[in-house]
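Here the structure comes first, spelled out in structure tokens, and everything after it is commentary.
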Amino acid sequence: MYNIGSYEERLKDFNWGISEAKLGYRKGDIINIGEYCSDRICRQGKADKLALVWEGHSGEIKKYTFNDMRVLTNTIAHFLKGLGVNPGDRVCLFMDKVPELYFGFLGIVKMGAIAQPLFSAFGADSLLTRLEDAQTTAIITQKKHVGKVRKILEVLPCLKHVIIVDDDGTKAPREREIAFCMDKALRVENFDIYPSTAETPSVLHYTSGTTGKPKGAQHVHYSLISQYITANWVLDLKEDDIYWCTADPGWVTGTSYGIIGPWANGVTQCVLDVGFKADTWYKFIQDRKITVWYSAPTAIRSLMKEGKAAVDKFDLSCLRHLCSVGEPLNAEAVLWSQEAFGKMFHDTFWQTETGSMVITNYPGMKIKPGSMGKPFPGVSAAVVDMKNHQPITKAGVVGLIALKPGWPSMFRTYWNNEAVYKSKFINGWYICGDRASIDEDGYFWFVGRDDDVINTGGHLVGPFEIESALLEHEAVAESAVVGKPDPVNMEVVKAFIALKPGFEASKELDLSIMNYIRKKLSPLAMPQEIEFVKSLPKTRSGKIMRRLLRAKEWGEEIGDTSTLENDD
Ligand code: PRX
């Protein structure tokens, strides 16, 4: 029996009070995500239940119960308070998927600060942009990443504390650095958890747009109401499940469903801090007896490439429910998962801004392979006309995905950027920036993004950030960055570059530019292909026509170029 029961029944009488009641929350109460995920679960008699089973590179395994998690998150919260970090301050998490990342997140919100997770593969420039925008007070990191922080420390007077979790503290600390070893620190049994209420800020996740700098989507503690119930009804998490979310908490999936959703449900989760390799993943599922698995299309397509023979080497009969997010899940991948695992992946659609799943395939619901499914009960979703933003009622007509504001985990603003936040709301709808259609049965079908943001392997990359970084390379006069189709990653970054006089196209220059971006921004932002051009297509007002270049890559009709840019 699935937790959601019948989707149609749930739709009829749904209100968010159902989730509030399950969590024992009443309007006006104190609500702290850290408390709900650890102390509350311990009070339910599950103090000795495993909360986290972590496996590292060398096969090393660490296990923590809910009580360990309660105490260790207290310990981190206490440590931060002792440093002088205040409620409302931004504290960045910049680590691999180590236990300190997961408990650090909960420790930060327990003391009332705002957790700002950033992907540990980010280079110094990507880091700087986001720390500067958030005026971050402290960063929690590892020795292997601290070099990138040191590079930018001088231009970040706001960043008062650099906390290193795997430093033994024997050497004299460098400026603003401090060692903190979670497993050896004096355990803090009791901590005065910050009395946050529904609208108290909790998390700041940076996401890329077409123009301007990355934007910080700011969430609040009340988001828990959505994250808890979607984890319960869509991931179908139950008391005895062993859950694995493959996402990194540097991105929203890794926090909403790699931390908050499962732990608010009191479920044991496993983390594998090792890069992708089919055998390693299958062995992990087999050994850890994973029952519910939340992953992403690029990973599924990569597994598909390895074939069914790779699956058959392992006993994966433990798996009972599979879900996916982040990019379009093609029908072939859904059908393959049925053949390989005896289960279909259930696609779910949502965004950093939505904070929780909004359109999903429910357990027990008929899956139409290739469709994102139907709106979560309580989420009013439509496809609206691209021009007048009125809901389209005719089946199969493509428009923009739009959501009626009001679900608990909706972002509350973009940090320092209320104007752009407001611009996302038109005609009373939040416009996601994606195109889709709805069929006669109410299923949503993804068509594509409505902007130039590149989705590579489920990670959004902003072309503007890459173009700005490219301009700092000595050889680059101007550039345009677009997504190019890729069979596994869906899209990869391609850069069109016009060189400065005196520079000539060559393989070496290609590599030099690629490496430059990889180090400065991240491996995700690194162009996989560079095409050197004499000049770039521009509108009469001088704006580079990215869409024209993109259309060429995708073999699409370019049509009347005057419609591609409307500022001219
Ligand atoms: O374009 C959509 C795509 O990823 C975007 C959101 O990315 P981000 O904020 O990084 O959050 C990713 C994880 C929640 C969306 O606007 N996207 C997400 N899920 C799907 C998807 N595209 C197609 N199908 C999906 N299921």
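Which semi-axis lengths, in whole Å and largest first, follow from the square roots of five times the eigenvalues of the Cα gyration tensor of segment 454-554? Don't skip to the answer; put the middle values down first.
Numbers: eigenvalues 77, 58, 28 Å².
With the √(5λ) rule applied to segment 454-554, the semi-axes are 20, 17, 12 Å.
Are there trypsin sites (Lys or Arg not before Pro) in segment 311-367 that DSSP marks as loop and that have at most 11 other Cβ atoms within 10 Å, and which are they?
Working: sites: Lys313, Arg320, Lys343, Lys366; in loops: Lys313, Arg320, Lys343, Lys366.
Qualifying residues, ordered by number: Lys366.
A simple count of charges around Val384, restricted to other residues whose Cβ falls under 14 Å of its Cβ and scoring Lys, Arg +1 and Asp, Glu -1, yields +2. Summing +1 for each Lys or Arg and -1 for each Asp or Glu among the other residues whose beta-carbon sits under 11 angstrom from that of Cys432 gives -1. Taking chymotrypsin sites (Phe, Trp or Tyr not before Pro) across segment 421-509, none is in a DSSP loop with at most 12 further Cβ atoms lying within 10 angstrom of its Cβ. Along each principal axis, taking the top coordinate minus the bottom one, the Cα set of the chain gives 66, 63, 51 Å in descending order. Calculated mean residue ellipticity at 222 nm for the chain: -8000 deg cm²/dmol, from DSSP H runs with n ≥ 4 weighted as -39500 (n - 2.57), summed, divided by the residue count and rounded to 500.
If you take every residue apart from Val53 with its C-beta less than 11 Å away from the C-beta of Val53, what net charge results, scoring Lys and Arg +1 and Asp and Glu -1? Please list the in-between numbers first.
Numbers: positive: Lys62, Lys63, Arg288, Lys289; negative: Glu55, Asp287.
Charge balance near Val53 sits at +2.
Taking amide H atoms as placed 1.01 Å from N in the peptide plane, the amide H of Leu521 lies under 5 Å from those of Gly123, each 5 or more residues away in sequence or on another chain. Dividing the C-alpha radius of gyration of segment 333-425 by 2.2 N^0.38 Å, with N its residue count, gives 1.28. What separates the Cα centres of segment 10-29 and segment 401-477 is a distance of 29 Å. Over the chain, Cα pairs under 8 Å with separation of 6+ residues give a relative contact order of 12 percent. The distance separating the Cα centre of segment 264-290 from that of segment 309-351 comes to 14 Å. Between the alpha-carbon centres of segment 491-536 and segment 200-220 there is a gap of 28 Å.
Counting other Cβ atoms within 10 Å, which GluC sites (Glu not before Pro) in segment 492-551 have at most 16 and lie in a DSSP loop? Loop-located and lightly packed - Glu504. Here segment 229-339 is described by how far its Cα atoms reach on the three principal axes: 37, 29, 25 Å, from widest to narrowest.
All of the numbers you see were taken from the coordinates with simple rules; none came from a lab. For clarity, every value in this text was computed on a predicted model and none was experimentally measured. Glycine also receives a Cβ, built like all others from the backbone with ideal geometry; neighbour counts cover every protein chain displayed.
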